[in-house]
Amino acid sequence: MFWEWHLEHSVISYERAERVLEVFRIACLQPGDIADVGCYRGAFSSEFCRFAAYHALDKQVHCFDTFAGLPEFGKHDNSEATGDQRYAADLDEVLTKLTPYDNAHVYAGNVANFTLDAKLCFALVDLDLYQSTRDALHLVMPQVVPRGWLVIDDYGAEPWWPGVRRAVDEVLDESDWDIWHLPELFLCVARKLP
């Protein structure tokens, strides 16, 4: 079911999506909720909700996106990376797709404008740009429980998204996290130390 949905509603590759879901399933063994920061059209958010419901897990899914596309590119970003594609998603479409799940919470707007009080076992950050990625990391990192997981998409995806690597390298502290860079998948995976 997820793969049919994924092909229609995501721009991430099958291999990357599989790795994200693998880490997500491991993270669900820990207490805490789930954050999908940069949920776009809701492919991962709906799968996170479905998985939690199917396994009767008491986990809320916090879904963040501007729903207006990428914000302004900064000096650490490649403004030519997207061409005409700005990755805007239809908020109503995402809300409709998440309607079957009472554990979904959607936050529309710039991630810098939100706070999150929930403890997290897992967070996926996929915001493509330097400042947005920094803001997302500052939002979710303090909330991740010990042994919780963080996945950042587009890490090392140069020349398209150079700001992601820079933001992660500046913010993610190796003294608090085990960190794995997966260059073939453009992912950074981190587990918070106990």
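The values are calculated or read from the model by the stated rules, or taken from the named source; none is laboratory data. This one's a predicted model, so the numbers in the text were calculated from it and none came from an experiment. Ideal geometry is used to build each Cβ from the backbone, glycine not excepted, and the neighbour counts take in all protein chains shown. Note: accessible area is taken over every heavy atom of the protein model, side chains too, but ligands, DNA and RNA are not part of it. Shrake-Rupley method; radii C 1.70, N 1.55, O 1.52, S 1.80 Å.
Inspect the range 93-111 for any residue being of a type in the set (Val, Ile, Thr), more than 27 Å from residue 142 (Cβ to Cβ) and open to solvent by 20 Å² or more (accessible area, probe 1.4 Å) and give the result as yes or no. Yes; the residues of the range 93-111 include at least one that is of a type in the set (Val, Ile, Thr), more than 27 Å from residue 142 (Cβ to Cβ) and open to solvent by 20 Å² or more (accessible area, probe 1.4 Å). Among residues of the range 179-191 that are within 12 Å of residue 168 (Cβ to Cβ), those with a beta-carbon under 7 Å from a residue that is in a strand (DSSP E or B) and among the small types (Gly, Ala, Ser) at least six positions away or on a different chain give the pairs 179/190.
Residues that are surrounded by 17 or more Cβ atoms within 10 Å (Cβ to Cβ) and either of a type outside the set (A, V, I, L, M) or more than 15 Å from the chain's Cα centre (by Cα) (or both) within the range 153-165 comprise 153, 154, 155, 156, 157, 161, 162, 163, 165, listed in sequence order. Residue 81 meets each of the listed conditions (1) out of contact with any strand residue (DSSP E or B) (no Cβ under 6 Å at 6 or more places or on another chain); (2) surrounded by 18 or more Cβ atoms within 10 Å (Cβ to Cβ); (3) modelled with pLDDT of 95 or more apart from (3).
Looking at the range 156-188 only, could you name the residues that are over 21 Å from residue 120 (Cα atoms) and assigned to a loop (DSSP other than H, G, I, E, B)? Passing the criteria: 156, 157, 158, 159, 160, 161, 183, 184, 185, 186. Residue 132 passes every criterion in (1) more than 20 Å from residue 32 (Cβ to Cβ); (2) within 17 Å of the chain's Cα centre (by Cα); (3) free of Cβ contacts under 8 Å to residues at least 60 places away in the same chain apart from (3). Filtered by the rule that a residue be among the β-branched types (Val, Ile, Thr) and open to solvent by 30 Å² or more (accessible area, probe 1.4 Å), the range 16-52 gives a lone residue, 26.
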